[in-house]
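Structure first, then comments.
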Amino acid sequence: MRQQKKSVKTTRTALQKTKRAASKRSTPKAASKDEIKFIGTPMPVERTQPAMVIQWPRTLIHHHTYGLLTPFFEGLKKGILRATRCPTPGCEKGFWLPPRADCPDCHARMEWIDLPNPVIGEIFTFTRVEYPGYGIELSYPYYQIDVRIPGCCTIMKGYLIRGEAKIGMKVKAGFRTKNPTNTILDLYWEPVD
């Protein structure tokens, strides 16, 4: 654990140095047409055995659009769980969570419905996450759960905000409306007391 924290701190320090160096330099012109100069910052060597490992910090901004699924994420910020359903007669009559923009059977544009609060389901299955992957912004360990909701055509994934998960356990949807993340992490599940 200390090794991991040290590595994260070292990587952050290297990233900060790289940003400072980049902000101080202007793009140099080559002295002649044939001369190319290195304008970057040398990467620090973390270790050399059994193989060389360097620190290569990167800053990345990913612009992600929710497109036709925007109403779902807007609903989470307001404490509303929105689903979709197909308006075509003869298609599946249940609702879809996660929502779909188009019907997977007839390809018609889906219509939005707001599910009445509280949304209650039961844990279909779960995984106890001891070491999450990169980018997971939840404290751990935590339970990743699959929730079966009456009337839903699919199984909804999420996380249990407190308690210990058990198959068949009743849970209700909760929402992070204060300081929302604008991601699926704004929806959590909690035990029904």
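What follows is calculated from the coordinates using simple rules that are stated; it is not laboratory data. Source: prediction; values computed, not measured. Every residue, glycine among them, receives a Cβ derived from its backbone with ideal geometry; neighbour counts consider all protein chains shown.
For this structure, a couple of remarks:
- If you plug the beta carbon distance of Leu185 and Thr41 into 1/(1 + (r/R0)^6) with R0 = 35 Å, you get a FRET efficiency near 0.55.
- Shape of segment 39-161, Cα gyration tensor, a/c cut at 1.5: prolate
- What the phi angles of segment 58-74 give under the Karplus curve with 6.51, -1.76 and 1.60, with θ = phi - 60°, is a coupling list of 9, 10, 9, 10, 9, 8, 10, 9, 8, x, 6, 9, 3, x, 4, 6, 5 Hz, glycine and proline written as x.
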